[in-house]
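What follows is a set of notes on a single structure, which appears directly below.
The values are calculated or read from the model by the stated rules, or taken from the named source; none is laboratory data. Because the structure is a prediction, the values reported are computed rather than measured. For neighbour counting, all protein chains shown are included, and Cβ atoms are generated from backbone atoms with ideal geometry for every residue, glycine included.
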Amino acid sequence: MERIDVSILGRELSLACASEERQKLVEAVKHADQLMLKIKGAGNASVSNERIAIMACIQMASDLLSVKAVDGPFAGVQYGDFKQKIKELNALLDDGINELKGL
């Protein structure tokens, strides 16, 4: 593990990460900081950093759940819909197994 110093909304933080994850963490911090600065710039000056962080977190989670799989059996399916698709597949499998048992 290594420690890296980062800045989010002008606040200095020290984070620990595995050496091989360093670049990904730096990019994630940069993305979060840019989004939070954008939210701060678009909103009321009196909005707290905590509220800005919550709003940024919700935006990033929404973006993640909206990403679609590129290929494979779930091509075109949003990651947020995977759970429902898996439930549907399990129901199909259960129906098939029940049909086979009835034969």
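Some values worked out for this structure:
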read-out: Any pair with Cβ under 8 angstrom, 6 or more apart, that starts in region 48-73 at a residue that is among the β-branched types (V, I, T) and ends at one that is surrounded by 11 or more Cβ atoms within 10 Å (Cβ to Cβ) and in a helix (DSSP H, G or I); value: I52/M36; I52/I39; I52/K40; V67/Y79
read-out: Qualifying residues in region 73-99 (those that are of a type in the set (S, T, N, Q) and closer than 19 Å to A61 by Cβ) - the one surrounded by the most Cβ atoms within 10 Å (Cβ to Cβ); value: Q78
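A quick yes/no check of all residues on (1) modelled with pLDDT of 95 or more; (2) within 29 Å of Y79 (Cα to Cα); (3) surrounded by 12 or more Cβ atoms within 10 Å (Cβ to Cβ); (4) over 20 Å from the mean Cα position of the chain (by Cα):
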position	(1), (2), (3), (4)
E12	yes, no, no, yes
C17	no, yes, yes, no
K30	yes, yes, yes, no
D33	yes, yes, yes, no
A42	no, yes, no, yes
A45	no, no, no, yes
S48	no, no, no, yes
I52	no, yes, yes, no
A61	no, yes, no, no
